[in-house]
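Chemist: Sharing a structure with you now.
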């Protein structure tokens, strides 16, 4: 299994977990960073995931770059996607075949959303060393 396949499997394995701000454990709840951490571990990434961060603020692209992920152009299933969800508000999701998996605050759970995402894409990252 490739890193991207592992990330897709891990993200899909979290579907149904409840939404919880700053959540890192699917048993207790996940936010988009928690879901990204689960997908990263499933993809073989062993870097540190931030525990304290602001929901709104500056573009987090630099922080993702410095965490050890490589930019993905074009994005592929298993990659981490960063969206501009609102004014100075960003959201992470994992690309899967046919859509994304993300922690949906409105639905209060992790879901798979088919089709194109509704937010502008800021950037995409793959696990270092991926093809």
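The values are calculated or read from the model by the stated rules, or taken from the named source; none is laboratory data. Bear in mind the structure is a predicted one, so any value in this text is a computation, not a measurement. Cβ coordinates were reconstructed from backbone atoms using ideal geometry, including for glycine residues, and neighbour counts include every protein chain displayed.
Chemist: Evaluate the following for residue 93: is it at pLDDT 90 or above, assigned to a loop (DSSP other than H, G, I, E, B) and under 16 Å from residue 42 (Cβ atoms)?
Modeler: Values: at pLDDT 90 or above: yes; assigned to a loop (DSSP other than H, G, I, E, B): no; under 16 Å from residue 42 (Cβ atoms): yes.
So residue 93 does not fit the description; no.
Chemist: Exactly one condition in (1) in contact with a strand residue (DSSP E or B) (Cβ under 7 Å, 6 or more places away or on another chain); (2) at pLDDT below 90; (3) crowded, with 16+ Cβ neighbours inside 10 Å is false for residue 44; which is it?
Modeler: Unmet condition: (1).
Chemist: Considering only the stretch 10-22, state which residues are within 13 Å of the chain's Cα centre (by Cα) and either in a helix (DSSP H, G or I) or at pLDDT below 95 (or both).
Modeler: 10, 11, 12
Chemist: Between residues in the stretch 1-28 that are at positive phi and surrounded by 15 or more Cβ atoms within 10 Å (Cβ to Cβ) and residues that are part of a strand (DSSP E or B) and modelled with pLDDT of 95 or more, which pairs lie under 7 Å by C-beta distance while being six or more apart or on different chains?
Modeler: So the pair list comes out empty.
Chemist: Listed residues 103, 85, 124; which is in a strand (DSSP E or B) and farther than 25 Å from residue 46 by Cα?
Modeler: Values: 103 fails: farther than 25 Å from residue 46 by Cα; 124 fails: farther than 25 Å from residue 46 by Cα.
Matching residue, one of 103, 85, 124: 85.
Chemist: Restricted to the stretch 78-89, and to residues that are out of contact with any strand residue (DSSP E or B) (no Cβ under 6 Å at 6 or more places or on another chain) and surrounded by fewer than 21 Cβ atoms within 10 Å (Cβ to Cβ), which residue is farthest from residue 112 (Cα to Cα)?
Modeler: Step one: list which residues in the stretch 78-89 are out of contact with any strand residue (DSSP E or B) (no Cβ under 6 Å at 6 or more places or on another chain), which gives 78, 86-87.
Add one more test, that the residue is surrounded by fewer than 21 Cβ atoms within 10 Å (Cβ to Cβ), and what stays is 86-87.
Details: 86: 20, 87: 24 Å.
Among those that are out of contact with any strand residue (DSSP E or B) (no Cβ under 6 Å at 6 or more places or on another chain) and surrounded by fewer than 21 Cβ atoms within 10 Å (Cβ to Cβ), it is 87.
Chemist: Take the conditions more than 14 Å from the chain's Cα centre (by Cα), exposed (fewer than 14 other Cβ atoms within 10 Å of the Cβ), touching a residue at least 40 places away in the same chain (Cβ under 8 Å) and under 18 Å from residue 6 (Cβ atoms) and apply them to residue 97. Does it pass? Spell out how you get there, then give the answer.
Modeler: Details: more than 14 Å from the chain's Cα centre (by Cα): yes; exposed (fewer than 14 other Cβ atoms within 10 Å of the Cβ): yes; touching a residue at least 40 places away in the same chain (Cβ under 8 Å): yes; under 18 Å from residue 6 (Cβ atoms): yes.
The answer is yes for residue 97.
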